[in-house]
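Engineer: Before I ask anything, here is the structure I am working with.
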Amino acid sequence: MKKAWLALFLTLFSNTLYAKEPLRVCVDPDWTPYETLSSGGEFVGIGADLFALVAKRAGVVYTIVPTKDWEESIAFSKEGKCDALAFLNQTPAREEWLVFTEPYFTDPNVIITRESHEYISNLSEFWDLRIALPSGTSIEERVRQDFPHLVIIPATSEKEAFALVASGEADMTLRSLMLAVYTIKKEGWFNLKVAGEVPQYTNQFRIGLRKDHAALKETLNQGISTLKPQEVREIANKHVAIIVEGKPDYGLVFRVLVGFGVVFGFGLLWLGVQRRTNARLAQQLEEQRKIEAALRESQEGYRVLIEGAREGVVVTQSEKVMYCNPSFLELVGYTKEEVENMSIHTYLHPEDKGRAAQNHHRRIAGEEVEQRYPVRFITKQQETIWVEISGARIMWKGEPAALNFLVDITERVKKEAFMRHMAQYDQLTGLPNRWLLDERLDDTLRLSRRTGDSFGVIFVDLNRFKPINDTYGHEVGDALLVAVAKRIKALLRESDTVARVGGDEYVVLLPLAARPEDALLVAQKIEKAIEKPFVLSGHSLKISCSAGVAFYPLHGKTRMELYRHADRAMYDQKHSRN
């Protein structure tokens, strides 16, 4: 209760203090999709929308101070020409003149290279590689310190950093996943790929306040605490579409159909000539020669068009392969002789056979059908690949058939799965992150409200982790966090969830805990398991943890109520140890 009154007092005090003087805010004027200044001076982007929401809920009035670039924004902040920076990472260098709020947007950093570059599992293993980084960024500051063996190529903007990699002037860049997706899609640099990640470089964007405005920190934190993961996701999705799709080659479909029509038409004409009488024989032979030459020319054009297409082309009739081009054979791994009259079910994945067969019959029947859809193929080598199918209805030897165009999208599917995984899982421990935990807890709440069942939530925080990290280094510290995650997970049931939600903080969701005593027992088991020594890199490390339990509906009926109770219980236990 005292904390709530104190927070309210700070909010009212800060709002009164800054009611006459709006908070002067500097931003990066060219950092799409995070933040930018439009030609009309409007502050837009993911960070802009989130900052506006935080300021509104905190009751803070602000004004944007325009600058020409990020370096000038940093300079203005140091010189006192603006009071805050809206959206940036916290670094030791910036702590010299700024205080930082809690993070309000998190985005992992990934390594971007050209398509041909090998996967990079550890930047420390690659020497003298050229890395393009925008000047004045926190990433540039950290890379210079952590990887002095890399050659840094300064860039004036995010776009230039990607362009340097795309053109081969740099070997890589290290940028946020969301920014990479947005830029690669917008600029069409599809010769670039995600070639690795640096887990300890995950962006945690905060508001930076000049120290003479530190009184606003708690006020803004109050606004940040009201942000819901769903709100954050909706704002991010409004500015960045993660899915990149291609278009079906309708021009190719049209040319193929014209080719079929020309062949069929000239064939009829040739048969008509054959039925003529022997009169005017010389003229008939000349006409026949021209027709045959035209027919051969048409057939050759058709053959070159289809045989040389990069897309797989296959004609199916009665669920059998009637014709295919070399690209199709390359996709499925069979020879031309093996696929003649082969059933489409031979190479379709069992789970996709129904969908593909239904679309095949509907297309041949002239009914509405999915214009483009993904299915899995099983190749002759028993490998599973993803293929996108589009097609049209044609006549083949007098009967309806389906002309299908196939594009291998296996790599795209893998990258999309990788991006989804990075958005939902902690990159160090492999555990679910806060977003995925929130989704699972919300699902559990909805189910419990219908069934009346109870469940438990446990907050776990390691005690004195920082001294171990400082003494033995970040590598040992990271290894300890991974080992702790494994011990906790080993104690849980398959239906339970353990997530890493902070540096040394974990949350456990027990959806099947029927009584508070059940959740308390799990918390005690976790505490005892963590107290056992960890042997890492030749060191025997001892550490403990504090665990706080919240039980639905006893301690709360919403996600935030349960989180607050478990967090408070954990801190009460931590203080009781001291």
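The values are calculated or read from the model by the stated rules, or taken from the named source; none is laboratory data. Just so you know, these numbers come straight off a predicted model, no measurement behind them. Because the Cβ atoms are built from the backbone with ideal geometry, glycine has one as well, and the counts that use them run over all protein chains shown.
Engineer: Only one residue in D438, D426, D442, D461 is of a type outside the set (F, W, Y), touching a Gly at 6+ places or on another chain (Cβ under 9 Å) and touching a residue at least 60 places away in the same chain (Cβ under 8 Å), so which one is that?
Structural biologist: D461
Engineer: Within segment 397-444, how many residues turn out to be modelled with pLDDT under 90, over 25 Å from S327 (Cβ atoms) and among the polar types (S, T, N, Q)?
Structural biologist: Total satisfying the criteria: 2.
Engineer: Report yes if some residue within segment 47-58 is under 29 Å from the mean Cα position of the chain (by Cα) and more than 17 Å from G223 (Cβ to Cβ); otherwise report no.
Structural biologist: No, because not a single residue in segment 47-58 is under 29 Å from the mean Cα position of the chain (by Cα) and more than 17 Å from G223 (Cβ to Cβ).
Engineer: Yes or no: segment 451-461 includes at least one residue that is in a helix (DSSP H, G or I) and closer than 26 Å to E531 by Cα.
Structural biologist: No, segment 451-461 contains no residue that is in a helix (DSSP H, G or I) and closer than 26 Å to E531 by Cα.
Engineer: Another question, then. Here are L480, L492: which of them is in the same structural domain as G430 (by TED's automatic domain parsing), farther than 17 Å from K542 by Cβ and not acidic (D, E)?
Structural biologist: After ruling out the rest, the residue left standing is L492.
Engineer: Looking only at segment 529-556, which residues are without any contact (Cβ under 8 Å) to a residue 12 or more places away in the chain, out of contact with any strand residue (DSSP E or B) (no Cβ under 7 Å at 6 or more places or on another chain) and more than 16 Å from R464 (Cα to Cα)?
Structural biologist: Result: V535, G538, H555.
Engineer: To continue, here is another question. Report those strands (runs of 3 or more DSSP E) wholly inside segment 488-548 carrying at least 3 residues which are surrounded by 17 or more Cβ atoms within 10 Å (Cβ to Cβ).
Structural biologist: Correct list: 497-500, 505-510.
Engineer: Kindly provide the set of residues from segment 517-553 that are among the aromatic types (F, W, Y) and more than 17 Å from H565 (Cβ to Cβ), ordered by number.
Structural biologist: The one that is among the aromatic types (F, W, Y) and more than 17 Å from H565 (Cβ to Cβ): F534.
Engineer: Then there is this: Looking only at residues that are charged (D, E, K, R) and modelled with pLDDT of 95 or more in segment 478-488, which one is farthest from Q424 (Cα to Cα)?
Structural biologist: By that ranking, first place goes to R487.
Engineer: For segment 429-449, check the following and say yes or no: at least one residue is more than 31 Å from the chain's Cα centre (by Cα), closer than 30 Å to E527 by Cα and buried (at least 19 other Cβ atoms within 10 Å of the Cβ).
Structural biologist: no
Engineer: Kindly establish whether P92 is assigned to a loop (DSSP other than H, G, I, E, B) and under 20 Å from the mean Cα position of the chain (by Cα).
Structural biologist: No: the conditions fail for P92.
Engineer: So, of the residues in segment 415-445 that are part of a loop (DSSP other than H, G, I, E, B) and of a type outside the set (S, T, N, Q), which turns out to be farthest from Y201 (Cα to Cα)?
Structural biologist: The residue in question is L431.
Engineer: Among the residues in segment 233-246, are any part of a helix (DSSP H, G or I), among the hydrophobic types (A, V, I, L, M, F, W, C) and modelled with pLDDT under 75?
Structural biologist: no
Engineer: Please identify the pairs in which a residue from segment 162-180 that is over 12 Å from H117 (Cα atoms) has its Cβ atom under 7 Å from the Cβ atom of a residue that is in a strand (DSSP E or B) and among the polar types (S, T, N, Q), counting only partners at least 6 apart or on another chain.
Structural biologist: From segment 162-180, the pairs are F162/T173; L174/N109; R175/N109; S176/N109; S176/N203.
Engineer: In addition: So, in segment 411-421, exactly how many residues are of a type in the set (A, V, I, L, M, F, W, C), surrounded by fewer than 19 Cβ atoms within 10 Å (Cβ to Cβ) and touching a residue at least 40 places away in the same chain (Cβ under 8 Å)?
Structural biologist: 1
Engineer: Here are some conditions: (1) crowded, with 19+ Cβ neighbours inside 10 Å; (2) over 25 Å from the mean Cα position of the chain (by Cα); (3) modelled with pLDDT under 90. L123 meets all but one. Which one does it not meet?
Structural biologist: Looking at each condition in turn, L123 falls short on (2).
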